[in-house]
Amino acid sequence: MDEQLFFEKLNNLCTSKDIFYFLSSLEVMSDNMAAGALQRISEVEVDDNGLKNPALLENEVFRALCFQFEFESSKLSNTGLLNALQALIKLRIDPQSTLMTRLLLESEERLGRGQLTAENLCSLGESLLELEGPSCAALEQIVNRMQERDIERWSPREVVMVYKILQVTAREGKQCQKLLNRLNSVTFHKVSQLSSNFASVILNSLVVLRQTRAVLLVTALCKHSVKHVPYFTDHELINVLEAFLYFGQNLHIFTAALERHVPRSILTMHPQTVSKVMHYCCKKMILSKSIFDAVAESFISNADRLTTDQIAAYIIPFGTLNYLPPSASPLFRKLETVLHTRLRHFEPHTLLNLLHSCVLIQRYPINFLPKIFSPYFLQKLQAQPPGLNRVVLSQLTQLFLTVTLECPFYEGPKLLSKYQVKACSTPHSSPDVHLFKRVKRGLLHLLKKRLYFASEVSTPYFYVVDIEIKLDEEGLVLPAAQLEEVHRRIALCVDGQNRFCSHSHNLLGEEAIKQRHLQLLGYEVVQIPFFEVESLQNTRTMADYLHKKIFPCTYG
C-alpha cells in the first residue's frame, strides 16, 4: 500500500483493535509504516494514567511489529528507528528488554557516526530524556552534534529540544552560557512561530536556567503567550505563570486574557492550576473580580476534593487583596465545614496563613483559635521553617488583637505575651516616601509648626501610625509630645499605591484591618490615598486639601 494512503487510513482508526485488524490485512509494509502504526497505537491507548489496556502488548500483530524492529534494527531508516523508539517508550515497554536495548544501541551508534539529521537528533533527545533523564551521557553528544549545524537555520522544534537538554544538564551542574546566548538570540527572532507548547517549554527552561539577562526574549515570549492562554494545557499555563512571576513581568493584556479564560474554563481546570492563578494574582496584587468570583464558586463545589495546600491557595488571596465575592456566605460556610473535618491535616504555617487571611476581611475563625493559641501548636510552628520569625509573630499578634477588639465574646485561650510583638511587620506597612514627604510639607504649611504633628508613631497596640495629630477638648491642636489633656487623636494613613491592589482603589487587607483596628482603639482615622492628591500641584493646594480632609468643620 502507498504510504500516504496508509497513514490516511491509520489516522482515522481510534482503537487498537481496529488498528490491529487493519495491519493484519496488509501483506507488506515499510519500517516507516510499522513505526507509524506503533505511534498511533500509543496515541489511542495511553493517557495521563498510563496504558489503558496492558493486554494489547500480547496481541500477535503487536508482537510481530516488535519482532521486526528487534531483529532488523540495523536495516531500519533513521525515521523508522527513532519513531518506533518514541512509541515504545510511550507504551511503557521495559527499557531493559532486548528490543529496547537493541534500538537504543543502534540509535547511539548512528549518533556517534554523525548519521542523524537535526530532526532525528530531536527525536533521539526526547526519547533519552524520557527514558534515562538528565544523567544520560548521550545528551551532551546530541547538543554537540546540533552545534555543528547552522544554529540560525534550526526549526522551532530543534530550538526547544536544545533548551530541554540544557535545562536538565544544568540541574547536573553543567551550564553552557555561550551556547545559551546564541540560542536566546536566535529564539528571539522565531518567537512568532512558536506553538503554545513550545512557548511554555522555553519560558520554563529560561526560569530553570536563570536567564534573567535575556530580557528581550522573555518580554517577547510573555507577549506572545497572551494569544495562547485559551490553548495552554494546565501544566503549560503553570509554567507560563511561574515565568511571569520569576521575571517580574506585568502585562495588562495577559491579565485580561486570564480574566476571559479562567471563568469559562474553571470547571475543567486542575486545582493546582487554579491555585497557581490565585498565587499569581496575589503576588502581583491583581484583584480580578471575575477570576475571584469564579474561584469562589468552584471552591464551594469542589472543596472536598482539594488538598490542604490548595484550600489555602484558593482562599488566602481573598484576604490579602481585601475582597469578599458575592458568594461570600456559602464560601466561608464551606471553608468552616472543611476545617472542622480536616483541621489536623493542615501544616501549621499553612493553617496560620489561612486563618489570618480570614480576619483581614472580617471573617472570624473563633472555633479554631483555641488551637492556634495553644502551646502545643505554637511549638509546632516554631519547629517548622520559617519558625516563629517576625512575620509569623505579627500574624499571631494580629489574630489576638482581632478577637480582643472585634470578638469580645471570645472566651478561649489568649496568646501568651512572649509571642506578641509590639510593632507590625508587613511588606506594605511603610508609607510611600515621596507621598509622605508631600503630605508632611502640606501639614507644615497648614499647622505652621512641625511640633504639632508626629510621624511614624509607634502605638502601644501593635500598629505604627503614619502621622498623629492630638487635639484637646475644644478641638485645638496640641504639640505632638504633650501627654496631658489629650481628648482626641487623629491618625493620618498616608496610603501610597503600594497599599492598594494593582490599578485599583481597593485597599489591601493588611491596611484595611489596620485602619479598622485604629478606629476601634479610639483614633479618628483619616485616609490620604495617593489618587486624591496626585493631581495637587503645590504645597498650598496640598495644605488646602488636608485642611478640608482633617478639619472639615473649620474648612472655609
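The values are calculated or read from the model by the stated rules, or taken from the named source; none is laboratory data. Just so it is clear, the structure is predicted and the values come from calculations on it, not from any experiment. Cβ atoms come from the backbone with ideal geometry, glycine included; neighbour counts cover every protein chain shown. Note: areas computed on protein heavy atoms with side chains; ligands, DNA, RNA excluded. Shrake-Rupley method; radii C 1.70, N 1.55, O 1.52, S 1.80 Å.
Observations
- In summary, residue 404 fulfils each of the numbered conditions (1) closer than 27 Å to residue 539 by Cα; (2) modelled with pLDDT under 95; (3) outside any loop (DSSP other than H, G, I, E, B) with the single exception of condition (1).
- When 303, 328 are checked against the criterion of being under 30 Å from residue 497 (Cα atoms) and of a type in the set (A, V, I, L, M), a single residue qualifies: 328.
- Any hit, the stretch 466-487, residues being acidic (Asp, Glu) and at positive phi: yes
- Take the conditions (1) open to solvent by 40 Å² or more (accessible area, probe 1.4 Å); (2) touching a Pro at 6+ places or on another chain (Cβ under 6 Å); (3) closer than 19 Å to residue 513 by Cβ; residue 373 misses just one of them, which is (1).
- Checking the stated criteria, residue 60 turns out not to satisfy the condition of being modelled with pLDDT under 90, open to solvent by 40 Å² or more (accessible area, probe 1.4 Å) and charged (D, E, K, R).
- On inspection, residue 192 qualifies as farther than 19 Å from residue 241 by Cα and among the hydroxyl-bearing types (Ser, Thr, Tyr).
- Residue 64 small (Gly, Ala, Ser), under 41 Å from the mean Cα position of the chain (by Cα) and in a helix (DSSP H, G or I): no
- Sub-7 Å Cβ pairs linking a first residue in the stretch 1-26 that is farther than 21 Å from residue 60 by Cβ to a second residue that is open to solvent by 30 Å² or more (accessible area, probe 1.4 Å), at least 6 apart or interchain, are 3/30; 3/32; 11/40, ordered by first then second residue.
- Flag if residue 386 is open to solvent by 60 Å² or more (accessible area, probe 1.4 Å), closer than 23 Å to residue 283 by Cβ and either β-branched (Val, Ile, Thr) or in contact (Cβ under 8 Å) with a residue 12 or more places away in the chain (or both): yes
- Residue in the stretch 212-242 that is nearest to residue 166 (Cα to Cα), counting only those that are open to solvent by less than 10 Å² (accessible area, probe 1.4 Å) and of a type outside the set (Val, Ile, Thr): 217
- Leading residue by the ranking (surrounded by the fewest Cβ atoms within 10 Å (Cβ to Cβ)) among those in the stretch 243-254 that are part of a helix (DSSP H, G or I) and either without any contact (Cβ under 8 Å) to a residue 12 or more places away in the chain or not aliphatic (A, V, I, L, M) (or both): 252
- Residues that are surrounded by fewer than 17 Cβ atoms within 10 Å (Cβ to Cβ) and of a type in the set (S, T, N, Q), drawn from the stretch 351-367: 362, 367
- Any pair with Cβ under 9 angstrom, 6 or more apart, that starts in the stretch 119-134 at a residue that is under 13 Å from residue 87 (Cα atoms) and modelled with pLDDT of 85 or more and ends at one that is basic (Lys, Arg) and open to solvent by less than 40 Å² (accessible area, probe 1.4 Å): 124/110
- Positions within the stretch 193-211 being open to solvent by 60 Å² or more (accessible area, probe 1.4 Å) and either in contact (Cβ under 8 Å) with a residue 60 or more places away in the chain or not in a helix (DSSP H, G or I) (or both), in sequence order: 210
- Residues being assigned to a helix (DSSP H, G or I), open to solvent by 20 Å² or more (accessible area, probe 1.4 Å) and either under 13 Å from residue 35 (Cβ atoms) or of a type in the set (Ser, Thr, Tyr) (or both) - total across the stretch 90-105: 3
- Verdict on residue 447 being hydrophobic (A, V, I, L, M, F, W, C), open to solvent by 40 Å² or more (accessible area, probe 1.4 Å) and over 43 Å from the mean Cα position of the chain (by Cα): no
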